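Single-structure report; data block below.
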Amino acid sequence: MPSKKIAFVAAENPEAVKAEKYLKARYQHVNPEEAEIIVALGGDGFMLHTLHEYKSGKVAFYGMNRGSIGFLMNAYEPDVLMERLENAEAVELNPLQMKAEKADGSVEPLQAINEISLLRQTQQAAKIRILINGVVRLEELICDGILVSTPAGSSAYNLSAHGPIVPIGSDILCVTPISAFRPRRWRGALLRHTAKVRLEMLEAEKRPVSACADYTEVRDVVAVDVSEDPTRPVRMLFDKEHDLEERIIKEQFTP
């Protein structure tokens, strides 16, 4: 894909920095703000930061693994990069929109590629009411927190919280409790991607809760509205042999 404007960005670890230096010396490149394809060198966490920093709707992202985790990254093979970009398959991800209402009455809008997570701020368990499309579905969840995940994020924090992994192309949102105390057996829910999720904090002053959109935190929230934003898709590129769907299936059968 030599006609495309390519930029390279790297995490701060030595392997990523070394790879960036090599690639910039070998291939023509532009600044990320001018690029049509951004090649990110690092792990999944760095890719997430890159998606947030440079998403514009016009740029595609191609990751090469120079970090500790690389579920969203392709293998690092720098010498055939142009051929790999030429043959890469595109996957579009719709982010989540969060509107977090704080105790002081202000509202903060944020976007997440992976998940929106709510977590208790003190030793007191959180008490959360769950509404789906305006209907109360769970009057009171006593827990350490709860998260709403996209398919892309279902293999991240959602998986650690014992939530289900869902295929990237599925029109599903995962709602997963974090260390639920009551109701103890509630394992969460799978919702259509068009669902509007509202999470209301009960006893918010006594049991303060923070909300995170990926890695950006808003503290002392009293209510959080979560919905998919189909107007700002993120475009990622994967090698055919990467086979993201196959990796998701294998992850579900890993002991």
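The values are calculated or read from the model by the stated rules, or taken from the named source; none is laboratory data. The structure presented is a predicted model; accordingly, all values stated were derived computationally and were not measured. Neighbour counts are summed over all protein chains in view; Cβ atoms, including those assigned to glycine, are modelled from backbone coordinates with ideal geometry.
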In the stretch 83-133, the residues that are over 17 Å from residue 223 (Cα atoms) and either loosely packed, with under 14 Cβ neighbours inside 10 Å or of a type in the set (S, T, N, Q) (or both): 83, 86, 87, 89, 90, 92, 94, 114, 122, 123, 124
Considering only strands (runs of 3 or more DSSP E) fully contained in the stretch 144-255, which possess at least 1 residues that are touching a residue at least 40 places away in the same chain (Cβ under 8 Å), under 30 Å from residue 85 (Cβ atoms) and of a type in the set (A, V, I, L, M, F, W, C)? 209-213, 234-238
Residue in the stretch 141-160 that is surrounded by fewer than 18 Cβ atoms within 10 Å (Cβ to Cβ), more than 20 Å from residue 118 (Cβ to Cβ) and not aromatic (Phe, Trp, Tyr) present: no
Leading residue by the ranking (nearest to residue 138 (Cα to Cα)) among those in the stretch 174-193 that are touching a helix residue (DSSP H, G or I) at 6+ places or on another chain (Cβ under 9 Å) and buried (at least 23 other Cβ atoms within 10 Å of the Cβ): 176
Looking at residue 138, is it buried (at least 18 other Cβ atoms within 10 Å of the Cβ) and not in a loop (DSSP other than H, G, I, E, B)? no
Considering only helices (runs of 4 or more DSSP H) fully contained in the stretch 1-89, which possess at least 2 residues that are under 21 Å from the mean Cα position of the chain (by Cα)? 44-54
Quick one: which of 35, 19, 10 is over 30 Å from residue 195 (Cα atoms), crowded, with 20+ Cβ neighbours inside 10 Å and in contact with a helix residue (DSSP H, G or I) (Cβ under 6 Å, 6 or more places away or on another chain)? 10
Only one of 147, 141 that is of a type in the set (A, V, I, L, M) and in contact with a Lys or Arg (Cβ under 9 Å, 6 or more places away or on another chain): 141
Among 77, 86, 34, which is of a type in the set (Asp, Glu), out of contact with any Leu (no Cβ under 9 Å at 6 or more places or on another chain) and under 22 Å from residue 250 (Cβ atoms)? 77
Can you tell me how many residues within the stretch 111-135 are among the hydrophobic types (A, V, I, L, M, F, W, C), at pLDDT 95 or above and out of contact with any Lys or Arg (no Cβ under 6 Å at 6 or more places or on another chain)? 8
